[in-house]
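Any read-out appearing in this document is the output of simple, stated calculations on the displayed coordinates, not a laboratory observation. All values reported here derive from a predicted model rather than from experimental measurement. Note that each Cβ is placed from the backbone with ideal geometry, even for glycine, and that neighbours are counted across all protein chains shown.
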Amino acid sequence: MGVSPRELGASVGEHTDLLAEPIPGVDEALAAVDAFDRALVGGLLRPRPAQAAELTELAQAVAGTPLASRVAEAAEKAATGAAGEDHFVALAAARTALLGSVHDALVTRVEEATGRPRGEESAPTFGEQQAANLLAAARSWLSDLARTGWQAIDHDVVSGSAQVVSAMLPDPSLRRLATLLDGFAAELAASCPGAALERIPVRRWADLWSRAMLLTLPGAADAPAVGTATGRLLPLGVDVHEHATAAQAQVHAVFEPADGAPPRLVRAGVAVPKPDTVVGAGVWQLLRTHMSLLAAAGEGRSMDIADMPITAEGDLIWSDEHARPGEPTDAFAAARVALPTAAASATAPLDRHPARIAVPVFLEGYTVHKTEQKHAAPDGQQADGVLTFTVAGRPLAVDTDRIPTAGPLTPEAVAASSACIGLLRWDAGTFGVQPLAVETTVRKKAVAIHAGGWAGGTTDKAGAKAEKAAADAVVVLRERAGRLLRK
């Protein structure tokens, strides 16, 4: 017996209760991670008894695994202030493994809730020769950070990364680690001295530290294996990330292979540097020229691709030479019919982290509840109220803080919506949805509003004004740069 499109699209709603149920072992794994993170705050040069106990908790959490003996030794050495670089690597590996297990448990729960087919377990990679001396230098600096601790960081400690980063950046095989170290060091430098910090981003800095530490191991930064993809892309939505000096757009789509193989979820992204005067809708001026898929997503078109490079993780290495605009398509029709049968791609080992979970989902038939309580937005301002979708009698938090200002989608439109395409995420112990597009009613007409609706251009007054201001700003900056170069 066939299944109607509406029933397919409603598959998340029917099993929303699974997203609210506790997952065995997750809290215990995160508690062990938090214990180790607290130990890093005070530093491991002269650990206190409380830090020794926190290190032991981490070791006990991986007892019975292949890491057990090495992590037990590392925890013992670190508890006495005698840990070497290999010991710090073992501790970072244990922490990463625990977060990886949490990631896997959460992804399994998402698959159960969506009824979507399971993707491959892991992504294959291919190796490149790397300079062992530079990797060792980076490992040494990271070990010094662990001994110092976040509360005692100063500019002398942080600046130790500068020469390592400068030496790494010219080497493409080391650029991933170099970029991570550079950003990490800049964040630490902006927070010096550590003793004066009112709040330390404990989880974030431990994430960056442990990831960087593992990337110093030969083979850890191997690039994902690349194949090719030929078929049709059905864009679902655009996720936009904007910072003072950079902007990124990532298109989530369903890929239908031309050979009739099962559909799969894929992503295609583009990132560009930008001046801090270009904000909001102005970022499309910088982004769309690099990826025709953005215009297709904004205009509601499919995309035909031929021999497009794609990684095992489902990331298209976009090249306009391998793509051409296809037929008009409706993202909500794709979400109702194609999305439920699209398999997820594999996840690389170092990307197995709860914060990396961003699963496209389709929701409808929900009710919206808005609290009047104020909550802190990421920019430090106070946001009005908190939105919650009640799906099949279960609440699902709506992360409106992630809605970009570079598009027509607003929290008000989400609050008035009847259907939503979003990214299912996990944060602070609960699942929530980041809206990418909604169906709502405007002046008695059903309309679809997309976060990336201005990606291909806009006649909207606010969007057009922001784009013109951005274009003017870019022209002025180019003229100034030209004058400086001539001088």
Eigenvalues of the alpha-carbon gyration tensor of the stretch 128-221, times 5 and square-rooted, give semi-axes in Å, largest first, of 24, 12, 11
Which option, (i) 38, 28, 23; (ii) 39, 24, 22; (iii) 49, 22, 20, is the value of semi-axes √(5λ) of the Cα gyration tensor in Å that was calculated from these coordinates?
(i)
Could you work out the relative contact order of the chain? I mean the mean sequence separation of Cα pairs under 8 Å and 6+ apart, divided by the number of residues, in percent.
16 percent
Zone residues, the stretch 219-240, relative to A258, backbone N less than 20 Å from point 7 Å out along Cα-to-Cβ:
226-235
Relative to the longest principal axis of the chain, what angle (0 to 90°, nearest 10) does the C-alpha long axis of helix 461-486 take?
50 degrees
Taking every other residue with Cβ under 14 Å from the Cβ of T430 and scoring Lys and Arg +1, Asp and Glu -1, one gets -2
Between S345 and residues 5 or more places away or on another chain, the pairs with built amide H atoms under 5 Å apart involve L265
A 32 angstrom limit on the alpha carbon distance is what I want to check against. Which of K370/K461; K370/K468; K445/K465 exceed it?
K370/K468
How many angstrom separate the Cα center of the stretch 426-464 from the Cα center of the stretch 294-340?
19 Å
Debye equation applied to the C-alpha atoms of the stretch 351-450, log10 I(q)/I(0) at 0.24 Å⁻¹:
-1.46
Which angle between 0 and 90 degrees, to the nearest 10, do you get for helix 202-215 versus the longest principal axis of the chain when only C-alpha atoms count?
80 degrees
Which aspartates and glutamates, on any chain, are close to K274 with Cα under 13 Å apart, when same-chain ones fewer than 8 places away are left out?
E242
Treat each spin label as a single point 7 Å out from the Cα along the C-beta direction, and report the E187 to A392 distance in nm.
3.6 nm
Over the stretch 249-364, how many percent of alpha carbon pairs lie in each 10 Å bin up to the one with the longest distance?
12, 41, 36, 11, 0
Can you give me the long-range amide H partners of A229? Hydrogens built in the peptide plane at 1.01 Å from N, cutoff under 5 Å, separation of 5 or more residues or another chain.
D307, M308, I310
Convert each backbone phi in the stretch 388-397 into a coupling constant with the Karplus relation 6.51 cos²θ - 1.76 cosθ + 1.60 (shift: θ = phi - 60°), then list the ³J(HN,Hα) values in order as whole Hz, x for Gly and Pro.
9, 8, 9, 10, 6, x, 10, x, 9, 4
Long-range amide H partners of D427 with built H, under 5 Å:
G432
Evaluated at q = 0.15, 0.18, 0.29 Å⁻¹: base-10 log I(q)/I(0), Debye formula over Cα of the stretch 304-372
-0.79, -1.01, -1.24
If you count, for each residue, the other Cβ atoms within 10 Å and average over each peptide, how do 264-270, 181-187 line up from highest to lowest?
264-270, 181-187
